[in-house]
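Have a look at the structure below before the remarks.
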2 protein chains.
Amino acid sequence: MQGMMQDWPLLIHRVIDHAAIQHGAREVVTRSIEGPIHRTTYAEIRNRALKVAQRLAREGIRPGDRVATLAWNTARHLETWYGITGAGAVYHTINPRLFEEQIVYIANHAEDKLLFVDLTFVATIEKLQDRLPTITRFIVLTDAAHMPQTRLRGAVAYEDWLAEADGDFSWVALEETAAAGMCYTSGTTGNPKGVVYSHRSNVLHAMMCVTPDAFNLSVNDCVLPIVPLFHANSWSLAFSGPMSGAKMVMPGMKLDGASVYELLESEQVTVTAAVPTVWLMLLQHMEKTGLRLSSLKHVLIGGSACPRAMIDAFENQYGVSVAHAWGMTEMSPVGSISSIKPDYGALAHDALLDLKAKQGSAPFGVEMKITDDADNPLPWDGKTFGRLKVRGMAVASAYFRGEGGEILDADGFFDTGDVATIDPYGAMQITDRAKDVIKSGGEWISSIDIENLAVGHPDVAEAAVIGISHPKWDERPLLIIIPKEGRSPTRADILDFMQGKIAKWWMPDDVVFVDAIPHTATGKIQKMQLREQFGAYRLPDAAA
Amino acid sequence: MQGMMQDWPLLIHRVIDHAAIQHGAREVVTRSIEGPIHRTTYAEIRNRALKVAQRLAREGIRPGDRVATLAWNTARHLETWYGITGAGAVYHTINPRLFEEQIVYIANHAEDKLLFVDLTFVATIEKLQDRLPTITRFIVLTDAAHMPQTRLRGAVAYEDWLAEADGDFSWVALEETAAAGMCYTSGTTGNPKGVVYSHRSNVLHAMMCVTPDAFNLSVNDCVLPIVPLFHANSWSLAFSGPMSGAKMVMPGMKLDGASVYELLESEQVTVTAAVPTVWLMLLQHMEKTGLRLSSLKHVLIGGSACPRAMIDAFENQYGVSVAHAWGMTEMSPVGSISSIKPDYGALAHDALLDLKAKQGSAPFGVEMKITDDADNPLPWDGKTFGRLKVRGMAVASAYFRGEGGEILDADGFFDTGDVATIDPYGAMQITDRAKDVIKSGGEWISSIDIENLAVGHPDVAEAAVIGISHPKWDERPLLIIIPKEGRSPTRADILDFMQGKIAKWWMPDDVVFVDAIPHTATGKIQKMQLREQFGAYRLPDAAA
Ligand SMILES: Nc1ncnc2c1ncn2[C@@H]1O[C@H](COP(=O)(O)O)[C@@H](O)[C@H]1O
């Protein structure tokens, strides 16, 4: 027996329709690539998205075609997404921080037909365009006045291109399981692999993110997505923002502490989201200048582990609550959010921070398990760690064109490549990347735990831990540190600070100080490169 | 091109699985029908639901079969729902406030196979069982110690019946569009009509209700659903409660002011939901006793229009925020929730109350329009009123067995039978009712049934019934009569004649005699004009 409810497919156009109808006058404010602050509304974004869709159809874009974007967070970038998906096509966000080789690889792999490109990236793409044969036309996200001289194929200023449409267009009808967007992840071995979001998964994921224990987005919020649209849908904010009717503030390309602070204050932002590196810049800026936050209530931190000290600073110095989130491109991306459940009872300051430093609980729509290497489930005791596997309504089932083969286990779970513990109340904590875990005397040591502890030292700007081969223990941890400007902590300072805060056998065997630590395009520490760099390094007691 | 995301059908068992895994120790507290307060947890409810499902399968219940419940809000009632849907069957909630005729009609129309029945209703069902041939067995929601002597077919105490299962059962795999639940509405003309919810619609609707601008349910909340499970899924709380991980408090059968107050305080409830009549009782109780509310933050009021004075009392006397909601059985039921959007700017006390007294805005997942009789859309200016029509992810497409015929317009919108204005920011206000029914204390009275009865009196030429607003019941019926020429029946004559022929609570509160009743061109009584005409009329006991 079937239910007798309306057939209302979860299509992305419904999100912007809803925003335009119910929250039409709500502002979307952008620090434009050209410089000035630009203001528009959800109603206007919907109108322009209709024009984008109409104009794409006229360019010959058909349902299922991939249309790429290489752009910062701006209202224009946002409206291209709604236009692309509204035309039945598939937005493919290219991460500008990828190497040129990778950009060429993924654009060809996706067979992108058109590229919307920000002014910032025109020069790069000019260099690459001969190797991007599937792209027939490059649309520069600017107006005629700012259009550069360029030899890009069919180059046109976005505003001119858009002006050729009148918006008299109907969203293309699709099944909700149709592809809506693509994002390549380089977080796996081998070539970047394409994750293909559906309309359904994006809409469900946004509904999940809006809820009180996730991002808690309300019509009275003002949200600043610093995490880029090219980074897994800006953690859903491209959809959950308009869905909730919150005002949006798009930061463009300026993500330094002063610029971010300025927007937070001038637009009276209440919720914002970014990776720890961005917050580090903001906190340092505020510390130096003595500035305070007058409107911010809630900061979402994820993408890599959020240091305990950062949570402490936001919550206890600035009165801003922190939601530490974990996820991945393959998960749309949100997988868990720190939440203080009543089960924990009243927690003292330190215990609360410890809990918030965990990656948190799976919201409805995400299922988790931890397993040993033979896929046996491990207990949720907060101590046992194992491979973290997930299943859910917005989790990838495969990569584009089947790259990487079968990625789900027999029960349909996807192996995240992370290693984690889960406590009895469901709070998950990443202890390592499966490939970064340090194995000492047959036991696992979490490099991330050590890193988080080390950055809590007042003189430490950034820390990385890698395993160094050891004759007796197989591997032992080496702690690599960038000191804060003007500080010069010693090995002993750092080790003393750590003493007693982790198991004795987890204590790094050595500490080295460096000027720089290599990062991936998405801001993660490149452990592989670090391991290469320290390939010849010998631990002090390695003779033992 | 298809998305490449996991196939994760929106099935109801996922809700209780999530609650058990992530919020397993969270309490569900019931004022039991037997008397004492009973405490259980989501983990336990899931275990017992598995047993219910296993036990149902053993009774021969197959996917799609209807299993009825005639019960108050209790943990047992809740677990039967998860058991029924987990077995692939369809819960059918029977409203005990229906007349016996109607109960017989709907149980037969639905072809219910089993009935879970509360102690309170055993006597009624004993009387009716011979006319309920499809029901093979009656399961009394109690334990052996409280099991009454009863001649109900196959009668068994629920706890005994459940003890025969060990819970070693897997939820039945279904498509998400499969039927999950049924609720008959008598808010239409003619016989009650069955709305058939799907797994998908119930899950999506719950996700919608959890969000900050709807019910705002968090893991740290404690929710008291006073609105019954038999009243359109307890406004989703049967699903959105466990989905959010909130503690739940089930009030059983005692809904008077003192009993509700006691639970609010003893369980430290933060969110609660009921029709205005229930809140009137609570407010009167608190006023009389001088009691205050120590934990309640948010009260959901709907089912009939929430009086402005009630909002004022909750917000300004007791510091509890009010969400005035509108919906209907056909909408799962939530259609709109009052929300103070930033568009309105700063509002003074009176303007704020006016706005909150509106039925509010459609959340994502509900679309609205107002139209004239020719289905032309009318402007959203806050003044023009028209027929309110809706479309959405949890709105009925038809009634069970096609009763009532085609119920959607050419664009797929369902006519709610309500008449409303919508302001430029999307806030909807019900101004009238096009459907010919009266809502008293949250339950329907058919004006046509009363009219038909009244014209049976030998002195009556024509009769019309309209709802007159009433401080306690929201609306009560007024009977308007044109006497036959030369006859002059009295109020008492008419009421005496009707006595015993309809339910007591359907009896008109007053009878007035007139010379003429306005008609439309096609000869129908113009109720809207009558309501205007009697706009200043006050019912005799309305001071109560
Ligand atoms: N907040 C409200 N204000 C006015 N009428 C309401 C409200 N909520 C529900 N109703 C009425 O109740 C009907 C739905 O009844 P039911 O299907 O029994 O829930 C709606 O169509 C309205 O006529």
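Put a label point 7 Å from Cα along the Cβ direction on residue A:295, then list its distances to the equivalent points in the other copies in nm, shortest first. List, nearest first: 3.6 nm. With a simple spin-label model that places each label point 7 Å from the Cα along the Cα-to-Cβ direction, the separation between residue B:100 and residue B:43 comes to 4.7 nm.
Take the Cα of residue A:526, step 7 Å toward its Cβ, do the same at residue A:256, and the gap between the two points is 2.4 nm. With the whole protein complex present, residue B:306 retains an accessible surface near 10 Å², based on a 1.4 Å probe.
Go through B:193/B:527; A:247/B:358; A:358/B:247; A:369/B:297 and tell me which ones have a Cα-Cα distance over 26 Å in this structure. Violating the 26 Å limit, Cα to Cα: A:369/B:297.
Averaged over the residues of peptide B:102-111, the number of Cβ atoms from other protein chains lying within 10 Å of each residue's Cβ is 0. Here the Karplus curve 6.51 cos²θ - 1.76 cosθ + 1.60, taken at θ = phi - 60°, turns the phi angles of region A:128-136 into couplings of 9, 4, 5, 9, 10, x, 6, 7, 8 Hz, with x standing for Gly and Pro. Other residues whose C-beta falls under 15 angstrom from the C-beta of residue B:405 contribute a net charge of -3, scoring Lys and Arg +1 and Asp and Glu -1.
Residues of region A:191-214 that lose at least 20 Å² of accessible area (1.4 Å probe, protein heavy atoms only) when the other protein chains are present, relative to their chain alone, are A:196, A:200, A:204, A:207, A:210, A:211, A:212, A:213.
Across the protein chains, with a 1.4 Å probe defining accessible surface, the residues B:175, B:262 rank B:175, B:262 from largest area downward.
Determine the total buried accessible area between chain A and chain B, counting protein heavy atoms only with a 1.4 Å probe; round to the nearest 100 Å². Mind showing how you got there, number by number?
Numbers: alone 22120 and 22050 Å², together 38480 Å².
The summed interface area works out to 5700 Å².
Could you list the residues of region A:160-175 with an amide nitrogen less than 18 Å from a label point located 7 Å from the Cα of residue B:406 in the Cα-to-C-beta direction? Counting backbone N atoms under 18 Å from the label point, the list is empty. Take region B:143-298 with all the other protein chains still there, run a 1.4 Å probe, and you get 31 Å² of accessible area per residue. Neighbouring Cβ atoms from other chains, within 10 Å of the Cβ of residues in A:399-406, number 1 on average. A point 7 Å from Cα along Cα→Cβ stands in for residue A:131, and the other copies hold the same point at 8.2 nm, listed in rising order. Using the empirical formula 2.2 N^0.38 Å as the baseline, the Cα radius of gyration of the protein assembly as shown reaches a ratio of 1.00.
Residue separation of residue B:434 and residue B:134 scaled by 0.36 nm, minus their Cα-Cα distance, works out to 104.4 nm of gained length. Computed over chain B, relative contact order equals 10 percent, with contacts defined as Cα pairs under 8 Å that lie 6+ residues apart.
Put simply, the amide H of residue A:440, placed in the peptide plane, has neighbours under 5 Å in A:445, leaving out anything fewer than 5 places away on its chain.
Taken residue by residue and averaged, Cβ atoms of other chains lying within 10 Å of the Cβ of A:6-14 number 5. Can you give the Rg/Rh ratio of chain A, where Rg is from the C-alpha atoms and Rh is the Kirkwood radius? We get a ratio of 0.97 for chain A. The figure for residue A:146 is an accessible area of roughly 90 square angstrom, using a 1.4 Å probe on the protein chains alone. Phi angles of region A:150-163 translate, via the Karplus equation with coefficients 6.51, -1.76, 1.60 and θ = phi - 60°, into HN-Hα couplings of 8, 9, 4, 3, x, 4, 8, 6, 3, 5, 5, 4, 5, 5 Hz per residue; Gly and Pro are given as x.
Two numbers describe the Cα atoms of region B:314-448: Rg and Dmax, which are 15.8, 50 Å. For residue B:293, nonlocal amide neighbours, meaning residues 5 or more places apart or on other chains whose placed amide H falls under 5 Å from its own, do not occur. Only protein atoms count toward the accessible area here, which uses a 1.4 Å probe; on chain B, the carbon and sulfur part of that area reaches 51 percent. How high is the relative contact order of region A:436-533? Use alpha-carbon pairs under 8 Å, at least six apart in sequence, and give a whole percent. Relative contact order here is 25 percent.
Only protein heavy atoms count here; on that basis, with a 1.4 Å probe, residue B:505 has an accessible area of about 80 Å². With both labels modelled 7 Å from their Cα along Cα-to-Cβ, the residue A:482 to residue B:514 distance reads 8.1 nm. Anisotropy class assigned to region A:436-533 is oblate, per the alpha carbon gyration tensor with a/c at or over the 1.5 cut-off and a/b no larger than b/c. Counting only DSSP H runs of at least 4 residues, each contributing -39500 (n - 2.57), and dividing by the residue count of the protein assembly as shown, the helix-based mean residue ellipticity at 222 nm comes to -8000 deg cm²/dmol. All other residues whose Cβ lies under 12 angstrom from that of residue A:49 are scored, Lys and Arg at +1 and Asp and Glu at -1, for a net of +2. Normalised by the number of residues in region B:333-436, the mean separation of alpha-carbon contacts (under 8 Å, six or more apart) gives a relative contact order of 27 percent. Between copies, residue B:520 shows label-point distances of 6.5 nm, shortest first, with the point placed 7 angstrom from Cα along Cα to C-beta.
Amide H contacts under 5 Å for residue A:69: A:92, A:93, A:94, A:116, restricted to partners 5 or more places along the chain or on a different chain, H placed in the peptide plane at 1.01 Å from N. Computed from backbone phi, the HN-Hα couplings of region B:298-306 come to 8, 10, 9, 10, x, x, 8, 4, 8 Hz, rounded to whole numbers (Karplus: 6.51 cos²θ - 1.76 cosθ + 1.60, θ = phi - 60°; Gly and Pro given as x).
The values are calculated or read from the model by the stated rules, or taken from the named source; none is laboratory data. In this text the structure is predicted, and so the values were computed from the model without any measurement. Please note: Cβ atoms are built from the backbone with ideal geometry, for glycine as well, and neighbour counts cover all protein chains shown. These accessible areas exclude ligands, DNA and RNA; they are computed on the full protein's heavy atoms, side chains included. Shrake-Rupley method; radii C 1.70, N 1.55, O 1.52, S 1.80 Å.
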